[in-house]
2 protein chains.
Amino acid sequence: MGRPTTKDLAKVAGVSLATIDRVLNARPGVRQVTVERVNRAIKEINFVRDFSAANLARSKEYELVFLLPDHDDEFIGLIREAITEANQSLAHERINVTVVRGPANDPHRLAEEIDTLSALGVDGVAIMAPETPQVRDAISRLDARGIAVVAFVANQPNAESTSFVGINNQAAGRTVGQLMARFTGEKRGMVLVQTETIQSRDSQERRLGFDTIMAKYAQRLKVCPSLEDYGDPVRTAQIFKAALQSDLPVVGIYLMNHDIHEAMQAIEAFGPSQGIVVIAHELTPQTCARLVDGSLDAVITQDVGHLVHSSIRVLKAKITNTSTVASQERIRIEITLRENMPEEKPTVAENIE
Amino acid sequence: MGRPTTKDLAKVAGVSLATIDRVLNARPGVRQVTVERVNRAIKEINFVRDFSAANLARSKEYELVFLLPDHDDEFIGLIREAITEANQSLAHERINVTVVRGPANDPHRLAEEIDTLSALGVDGVAIMAPETPQVRDAISRLDARGIAVVAFVANQPNAESTSFVGINNQAAGRTVGQLMARFTGEKRGMVLVQTETIQSRDSQERRLGFDTIMAKYAQRLKVCPSLEDYGDPVRTAQIFKAALQSDLPVVGIYLMNHDIHEAMQAIEAFGPSQGIVVIAHELTPQTCARLVDGSLDAVITQDVGHLVHSSIRVLKAKITNTSTVASQERIRIEITLRENMPEEKPTVAENIE
DNA sequence: CTTGACATGAGGTACGTACGTCATTTAGAA
DNA sequence: TTCTAAATGACGTACGTACCTCATGTCAAG
């Protein structure tokens, strides 16, 4: 005997299949007493709806959308790859994932973009965007229309009923701090922190965590105010040149941006060739290469595949009103050194023949 | 229009549903030319079988077994929890996971245990056991009966057609080496390496990786021969006492065992209270606590939930003869410091009501 | 030409659920 | 009691696939 079915449930609850159906799908026309009788029976025989069969019968596909920033850095690229991959492996489960790009730095237009989604028969949205009042309101509107929402990578702490899939940035900053404190040994000097803009919540949280640990464990080091480059390569070069040529020797650099290309070039151009501990975020082809050649000492990572899959699971759970396994949805703050970089291991299973 | 169905496939291939069925399920009675015609049509319309529907029709449950060592340490406990959890979340997918315990250190009896499994209608087995000829042969026998096998945590490199779900232990050892080299700063002295037995393949690989890095980056440190404690608490205390009271100061300790309780007690009893860098494996309640209180400096981790889920996905893929997404099945070597320890974040989704 | 082996088609039932229609029962008010 | 609306039951069809039976087609050996 397998799991109990709706038939078993009907028998135990002493009602017909039709009533079971009405209760399970929250259709009208059932007395409260009967609803409760059915619910008791559900618990009694530990009934769980067979979602494969349910979806089959509904012949419904879940439409999920990832709303990503419209600029392209390597991190976003990895996310898009992971989404494509997920879309393929989830085709079996009647889940369709698409990507929509939105202007991350224009809250009004972004909010409009979000509003558009609700018209398109979308069932769930994962939003990666800086927190703004406009976005928060747009999320509420989605919520009002019964569309599931997840904050993806960037938290939306003020949007209610929106789960967050991503890392605790303050903890990430602390982790970088700890590594910086330990990797610099007993050296004295200056630590640079670079970011695109200190306006962004992520930057602020990471910086806060970083400072906490530096203050606690590395008072020998002087942590400079964040260097903002506003995404401008010329400015990046300038600020690094200035900082690296100041009196105090630079012993550590924390790169908060996803895109580290310009910064690394500036460091190589103006800094000493050896001995600066450089720590960055996100494992991309570029950061990988730089871990290998030693120009980066550590990279703080959130597993992109995990981020995407977790978001999808959470969205699906919200849509079908089921529960998720909390421990599985926790995104780890990973530390990657040259030694524990993922290798390309050979594919494990065979293809369909 | 959703995905193509068997009907569409039949139309395109110019054959009947019955023939499609025979081809898809490798039933006899179809000419080779016809099989190829169907296969061409599959590619042409990009047909993918709907496994939910297929499983529904089969009304078959997949029986998976995790064969775990019969001793109980915290790591095994975590694995068992993860399996229980997975079993619940996979009930929807008609996957049943059970745990069987086997005598890890008695290859003959373990092999018998494995043989028993094939009688029980088991479809797939994840085996966590040291590599021995007996086990390898038992795995071949499973294989011969068409039962999918995965080597879990401990690799079985000589068992053919057996995938491995776990980490590269040599890389893990290298990672520990790098951390040890950097965390000890400029200090000089001795590094201890403790293991249950240097016989085990895992220990050997980890040690090898560790030594490679120490030789390369920390020649100032003297790495001692591995201290074997054979799982005996008394012996653990003895060897640590002797090592810690020798002439050269101990600056670092690498604990390879899952169970670190005895070792840590000995270190606290006989070593200096401060300044020794201690690195261990696996994130358990105990190692967590010791990261927090500072008596451990770093823990090398493989995500247990990921291990379990990945094994299940790989087994399922083998059984249904489908493919897995390689990047998703790669188990990361994670570094955990106090700062990036997983927090208990509140459950994200609601329960069924 | 017959025979038989094999290849293929046609059609049904089942899996567990969704969802529709229509008939019937029940409860509460008149 | 009688009427009415609400609650419930009975039943059919559908989703995409598996798997069974039986009929029919084809081809080559005898």
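The values are calculated or read from the model by the stated rules, or taken from the named source; none is laboratory data. The model shown is predicted, which means the values in this text are computed figures rather than measured ones. So basically every Cβ, Gly included, is an ideal-geometry build from the backbone, and we count neighbours across all protein chains shown.
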- Query: Which members of the range A:213-252 meet the condition of being surrounded by 13 or more Cβ atoms within 10 Å (Cβ to Cβ), charged (D, E, K, R) and not in a strand (DSSP E or B)?
  - Reply: A:Arg220, A:Asp229, A:Asp232, A:Arg235, A:Lys241
- Please tell me if A:Arg3 is away from chain B (no Cβ under 14 Å), near DNA strand C (Cβ under 9 Å from one of its atoms), farther than 25 Å from A:Asp123 by Cβ and not hydrophobic (A, V, I, L, M, F, W, C). no
- A:Phe47 being within 30 Å of A:Gln302 (Cβ to Cβ), within 13 Å of DNA strand C (Cβ to nearest atom), surrounded by 14 or more Cβ atoms within 10 Å (Cβ to Cβ) and not hydroxyl-bearing (Ser, Thr, Tyr): no
- Residue list for the range A:13-49, filter: within 25 Å of B:Asn55 (Cβ to Cβ) and part of a helix (DSSP H, G or I): A:Leu17, A:Ile20, A:Asp21, A:Leu24, A:Ile42, A:Ile45
- Query: Taking the condition within 11 Å of DNA strand C (Cβ to nearest atom), more than 14 Å from every other protein chain (Cβ to nearest Cβ) and among the hydrophobic types (A, V, I, L, M, F, W, C), does B:Val30 pass?
  - Reply: yes
- Message: Please determine whether any residue of the range A:35-49 is within 7 Å of DNA strand D (Cβ to nearest atom) and among the basic types (Lys, Arg).
- Response: no
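Condition check ((1) out of contact with any Pro (no Cβ under 7 Å at 6 or more places or on another chain); (2) under 30 Å from A:Pro133 (Cα atoms); (3) of a type in the set (Asp, Glu)) across all residues:
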position: A:Val23; (1), (2), (3): yes, no, no
position: A:Val30; (1), (2), (3): yes, no, no
position: A:Val33; (1), (2), (3): yes, no, no
position: A:Asp50; (1), (2), (3): yes, no, yes
position: A:Leu68; (1), (2), (3): yes, yes, no
position: A:Ile95; (1), (2), (3): yes, no, no
position: A:Glu113; (1), (2), (3): yes, yes, yes
- State yes or no: is A:Leu24 more than 8 Å from DNA strand D (Cβ to nearest atom) and in the same structural domain as A:Asp123 (by TED's automatic domain parsing)? no
- Item | Unmet criterion (only one of (1) more than 9 Å from chain A (Cβ to nearest Cβ); (2) closer than 30 Å to B:Val122 by Cβ; (3) out of contact with any strand residue (DSSP E or B) (no Cβ under 8 Å at 6 or more places or on another chain)) for B:Arg330 | (1)
- Set A:Leu78, A:Leu90, A:Leu64, A:Leu68: member being in contact (Cβ under 8 Å) with a residue 40 or more places away in the chain, in contact with a Gly (Cβ under 7 Å, 6 or more places away or on another chain) and either within 30 Å of A:Val304 (Cα to Cα) or of a type in the set (Gly, Ala, Ser) (or both): A:Leu64
- Message: Among the residues that make up the range A:178-195, is at least one of them away from chain B (no Cβ under 14 Å) and either in contact with a Ser or Thr (Cβ under 6 Å, 6 or more places away or on another chain) or in a loop (DSSP other than H, G, I, E, B) (or both)?
- Response: yes
- Query: Does A:Ala154 satisfy being away from chain B (no Cβ under 14 Å), buried (at least 18 other Cβ atoms within 10 Å of the Cβ) and either touching a Cys at 6+ places or on another chain (Cβ under 9 Å) or farther than 30 Å from A:Tyr254 by Cα (or both)?
  - Reply: no
